[in-house]
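Written out below as structure tokens is the structure these notes cover.
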Amino acid sequence: MELQNMEKQQVIIKVTEPTEWVNSVGSVSAEKPRTGKLRVCLDPKDLNKAIKRPHYPLPTLDDVTAKRAGACYFSVMDARSGYWAIKLTEESSKLTTFNTVFGRYRFLRLPFGIISAQDEFQRRVDETYEGLQGVTAIMDDILIFAKTKEEHDKNLHAMLQRSRERGVKLNPEKSIICATEVSYFGHIITKDGIKPDPAKVRAVRDMEPPKDKGELETIIGTINYLSKFAPRLAETNAPLCQLMKSTSEFIWDAQHDAAFRKLKELITREPGPVLMFYDPSKELRLQVDASKYGLGAVLLQEGKPIGYASKSLSDSEVNYAQIEKELYAILFGCKRFHQYVYGRHTIVESDHKPLESIMKKPLAAAPPRLQRMILQLQRYDFSIVHRPGKDIPVADTLSRKSLSDQDDSLREGMDMQVHTVYSNLPVSDTKLKEIRAETEKDAQLVLLKETIKSGWPEKRPMCPQSTGLNFP
């Protein structure tokens, strides 16, 4: 049980006395479902409103670029359970008291979700590695660099020694040692400079050409939106606009294909006329959208994109209600851009107005599938703003022209949560046997069990009548 593991690690402690604050547990989620590792997340929504945030500045990518000028060798180290390295005072610890079915606990170390956690963590990181040559860090990602291998090894050894002295634990699974090219904070760092990580522009780079005027109209809407940052886009877009004329037949030829490829290159080049470097000092916005078959998300600052993402929906996900798809799009966007949005406030823009109210209601008032998504979103600090679809054309285009690869992390995370709850139910083996026996006597539950095993039909009318109320 994860709570017991956290007690053994002295991350939390049981609480028996009354406390002024009692938070709920936002989620028990898998950071990486395939690893089987769980993370208990605090839901300090009300507590955060009472905290005075210090607003400690985070380093920018420009800072990193200036420091690493001329470097040829790089290492990236990841601080394991970074926030948990920071001990809380007893006064602060009591504020983090949370309630579970197993009783109340409080954190002895800094929990995820506290609004000031990012500021305090970055300050501690800066203090830890202050004065070291060739070492810089943005949150828990530590970059070591040097012009020669000998200098690099010396800098790395000094960083490891300082980590040992300050009690910083590192994660070898996420670390890269002495490479000539490393991925760091959404970018690829080499001896020649910094370039965008292909993963964050793949949704646009690998987008297929439109198949009809409907798809072309969606793409042109995106180009028109982005052309305010790059006038050349409108010029390059001219051949595609010709196809949209009512007198023109949709025939896609080499001229259109060349224009389409050029537009994608202009949109994804970094630094370029459209795509910009992430700046932690500027407001962050995440635009999301869900179409019938896909999800789209674009991260922006000052209206300019930082990264694009899309995914197609699986056969079962296609049957989700629209509000479920729209909330799934937010979860997808937050997880895909986790390194940017985690630990800071993000404004989420969606064209689905009901999302504003569903996030304000008590968790118990939401349908089960929405509950599971909301639980996974609890770790992120965001507010939802309704925007008409015409004002978020990039996300709309990405959702309609989504990539065909599947991301099953949400379903795997849900399965793991169910398994975790089941495994830790305060029910004896004798009671479980009794529940199983009684279940077999109930015809409706037997039919429900068999339907779950064999798979749900695509539509509610096709579902056996006795299980209709349980249709997911």
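The values are calculated or read from the model by the stated rules, or taken from the named source; none is laboratory data. Because the structure is predicted, anything quoted here is derived from the model rather than measured. FYI the Cβ positions are ideal-geometry reconstructions off the backbone, even for glycines, and counts take in every protein chain you see.
Among all residues of segment 16-25, there is at least one that is modelled with pLDDT under 85, in the same structural domain as residue 134 (by TED's automatic domain parsing) and assigned to a strand (DSSP E or B). Checked against (1) buried (at least 16 other Cβ atoms within 10 Å of the Cβ); (2) modelled with pLDDT under 85; (3) not basic (Lys, Arg), residue 74 passes all but a single condition, namely (2). Scanning segment 234-291 for residues that are closer than 26 Å to residue 212 by Cα, among the acidic types (Asp, Glu) and under 26 Å from the mean Cα position of the chain (by Cα) gives 265, 289. Residues in segment 265-291 that are modelled with pLDDT of 90 or more and either surrounded by fewer than 17 Cβ atoms within 10 Å (Cβ to Cβ) or assigned to a loop (DSSP other than H, G, I, E, B) (or both): 283, 284, 291. Being among the charged types (D, E, K, R) and free of Cβ contacts under 8 Å to residues at least 24 places away in the same chain is a property that holds for residue 265. For segment 79-115, the tally of residues that are modelled with pLDDT under 90 and surrounded by 17 or more Cβ atoms within 10 Å (Cβ to Cβ) stands at 10.
When you scan segment 172-181, do you find a residue that is under 30 Å from residue 262 (Cβ atoms), under 29 Å from the mean Cα position of the chain (by Cα) and not assigned by TED's automatic domain parsing to the domain that holds residue 296, even just one? Scanning segment 172-181, I find at least one residue that is under 30 Å from residue 262 (Cβ atoms), under 29 Å from the mean Cα position of the chain (by Cα) and not assigned by TED's automatic domain parsing to the domain that holds residue 296, so the answer is yes. Considered as a group, the residues in segment 306-327 that are assigned to a strand (DSSP E or B) and among the polar types (S, T, N, Q) include one that is surrounded by the fewest Cβ atoms within 10 Å (Cβ to Cβ), and that residue is 312. Reported count of residues in segment 229-259, each being part of a helix (DSSP H, G or I), exposed (fewer than 15 other Cβ atoms within 10 Å of the Cβ) and of a type in the set (S, T, N, Q), is 2.
Do you know which of the residues in segment 382-431 that are among the hydrophobic types (A, V, I, L, M, F, W, C), assigned to a loop (DSSP other than H, G, I, E, B) and under 22 Å from residue 203 (Cα atoms) is modelled with the highest pLDDT? Restricting to residues being among the hydrophobic types (A, V, I, L, M, F, W, C), assigned to a loop (DSSP other than H, G, I, E, B) and under 22 Å from residue 203 (Cα atoms), the top hit is 392.
The residues on offer are 330, 374, 347, and the sole one that is touching a residue at least 24 places away in the same chain (Cβ under 8 Å), touching a strand residue (DSSP E or B) at 6+ places or on another chain (Cβ under 7 Å), in a helix (DSSP H, G or I) and among the hydrophobic types (A, V, I, L, M, F, W, C) is 330. For segment 345-359, a residue qualifies if it is among the small types (Gly, Ala, Ser) and modelled with pLDDT of 90 or more, and exactly one does: 350. Candidates in segment 333-344 are the residues that are farther than 19 Å from residue 293 by Cα and either of a type in the set (A, V, I, L, M, F, W, C) or touching a strand residue (DSSP E or B) at 6+ places or on another chain (Cβ under 9 Å) (or both); of these, the one that is modelled with the highest pLDDT is 334. Looking across segment 177-202, the residues that are at pLDDT 80 or above and of a type in the set (Lys, Arg) come down to 191, 202. Scanning segment 159-186 for residues that are more than 24 Å from residue 130 (Cβ to Cβ) and either crowded, with 18+ Cβ neighbours inside 10 Å or in contact with a Lys or Arg (Cβ under 7 Å, 6 or more places away or on another chain) (or both) yields 180, 186.
Inside segment 198-216, residues that are loosely packed, with under 14 Cβ neighbours inside 10 Å and more than 17 Å from residue 308 (Cα to Cα) make up a count of 3.
Going by the conditions given, is residue 330 surrounded by fewer than 18 Cβ atoms within 10 Å (Cβ to Cβ), at pLDDT 90 or above and closer than 30 Å to residue 123 by Cα? Criteria not met by residue 330.
Taken together, the criteria exclude residue 330 from residues that are out of contact with any helix residue (DSSP H, G or I) (no Cβ under 8 Å at 6 or more places or on another chain) and under 30 Å from residue 183 (Cα atoms). In this structure, residue 262 does not satisfy being outside any helix (DSSP H, G or I) and not aliphatic (A, V, I, L, M).
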